[in-house]
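Each remark here refers to the structure printed beneath this line.
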Amino acid sequence: MSLVEFAQDGAVGLITLNRPPVNALSEELSADLTVAIQHAEDPSVRAVVIYGDPHFAAGADIKGFQAAFDAGVKDELATTLATVIRRLEQLRKPTIAAVQGFALGGGLELALGADFRYLADNAKVGQPEILLGIIPGAGGTQRLPRVVGFQKAKEMNFSGRQVGAEEALAIGLADKVLPVEELLEVALADAADWATRATLGLAAVKRAMGDGWGRPIDEAMKAEAEAFQDVFFTEDAKEGVAAFIEKRKADFTGQ
C-alpha cells in the first residue's frame, strides 16, 4: 500500500489515508483502502479508526472524471468506492471516522460507512456533486438520510453546500466535535474502550440494525432474533452473564 497506511496498536487498528495534499479519492487509493480493511478484518483487531491529515478526504479526483469524458467511457470510481465503503460498513467491530478538514463527496460517503463520526472543529462536510452536474454515487443519497433524516439529506444533496462541525453535530451527522489537536487521540482512546467490549455482540447489533432498517416490523424483528441467537452462545455472552451474577466487571475477549 502506498496511499493508505494500516497500523495496529493492541486491539485497535488505524487506517490513515495518505494522498497529499487533500486525500483526493482515486482507483488506486480505493484499492489500497480495500487492503487496509482486509487487515482490519483480522480478529485481533477489535475496533478501527479511519483518519486523514490534514484533510480526511476532499472527494474524488475530478481529473479522473475529465479523463472518462475524453475517453467516452464510464468512470468506475463511484462503483469501486461504494464496494469499499460497504466492506467498511460490514466490519464486525466498531469503527470511528476521525474527520478533520474536508470530507466532501466520496470523503463524506466514506465517513458515513463508519459507525461513528468524530469531527474536528475545523471540519467541513458535504455532498457537492450536484455542483458538477452529477450526484453522489457511493452512498450519499442512501446513507446520509439514515443519519440525518430524509429532508435534511435532500437539502444537502440538492444544495451541495458544506456543513460545519457544529451544524453536523446538531443534525446528528457528527457524534463528537473536538479541537483538531485532540481529534485522533480521543478517537483512538474511544476505540480502545470499544475494543474491551463484547465484539461479537457489537457486531450482532450492527447486523440487526442494518438488516432491519426500513423493513416491516415483523421482518425487522426476525433479523434481530437471528442476530440474538447467533450471539447468545458466544464466550463473551457466557462471561457477561457470569460477571453480572458474580458482581464483577466482565472480561470480554471478543469470542
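The values are calculated or read from the model by the stated rules, or taken from the named source; none is laboratory data. Computed from a predicted model, the values in this text were never measured in an experiment. Cβ coordinates were reconstructed from backbone atoms using ideal geometry, including for glycine residues, and neighbour counts include every protein chain displayed.
Of L173, L183, L178, which residue is more than 26 Å from Q8 (Cα to Cα), at pLDDT 95 or above and not polar (S, T, N, Q)?
L173
All but one of (1) surrounded by 17 or more Cβ atoms within 10 Å (Cβ to Cβ); (2) farther than 24 Å from Y118 by Cβ; (3) not aliphatic (A, V, I, L, M) hold for E239, so report the exception by its number.
Among (1) surrounded by 17 or more Cβ atoms within 10 Å (Cβ to Cβ); (2) farther than 24 Å from Y118 by Cβ; (3) not aliphatic (A, V, I, L, M), E239 violates only (1).
Going by the conditions given, is K206 surrounded by fewer than 21 Cβ atoms within 10 Å (Cβ to Cβ), within 16 Å of the chain's Cα centre (by Cα) and touching a residue at least 12 places away in the same chain (Cβ under 8 Å)?
Judged against the criteria, K206 is a match.
Restricting to region 227-254, count the residues that are closer than 23 Å to E89 by Cβ and either without any contact (Cβ under 8 Å) to a residue 12 or more places away in the chain or out of contact with any Lys or Arg (no Cβ under 9 Å at 6 or more places or on another chain) (or both).
4
Condition check: on the phi > 0 side of the Ramachandran plot and in contact (Cβ under 8 Å) with a residue 24 or more places away in the chain. Does G133 satisfy that?
Judged against the criteria, G133 is not a match.
Only one residue in F116, F158, F150 is over 23 Å from D61 (Cβ atoms), of a type in the set (A, V, I, L, M, F, W, C) and within 12 Å of the chain's Cα centre (by Cα). Which one?
After ruling out the rest, the residue left standing is F116.
Can you give me the number of residues within region 138-154 that are in contact (Cβ under 8 Å) with a residue 60 or more places away in the chain and surrounded by fewer than 22 Cβ atoms within 10 Å (Cβ to Cβ)?
Total satisfying the criteria: 1.
Only one of (1) touching a residue at least 40 places away in the same chain (Cβ under 8 Å); (2) over 29 Å from A227 (Cβ atoms); (3) under 19 Å from the mean Cα position of the chain (by Cα) is not met by P179, so which one is it?
(3)
With the requirement that a residue be of a type in the set (V, I, T) and either surrounded by 14 or more Cβ atoms within 10 Å (Cβ to Cβ) or at pLDDT below 95 (or both), what does region 209-236 give you?
Once the filter is applied, which keeps residues that are of a type in the set (V, I, T) and either surrounded by 14 or more Cβ atoms within 10 Å (Cβ to Cβ) or at pLDDT below 95 (or both), region 209-236 yields V231, T234.
Tally the residues that are under 22 Å from A227 (Cβ atoms) and touching a strand residue (DSSP E or B) at 6+ places or on another chain (Cβ under 8 Å), restricting the search to region 188-198.
2
When you scan region 185-237, how many residues do you find that are more than 16 Å from D251 (Cβ to Cβ), small (G, A, S), in contact with a helix residue (DSSP H, G or I) (Cβ under 9 Å, 6 or more places away or on another chain) and in a helix (DSSP H, G or I)?
Number satisfying all stated conditions: 9.
For region 155-184, name all the residues that are surrounded by 19 or more Cβ atoms within 10 Å (Cβ to Cβ), part of a loop (DSSP other than H, G, I, E, B) and of a type in the set (V, I, T).
None; the set is empty.
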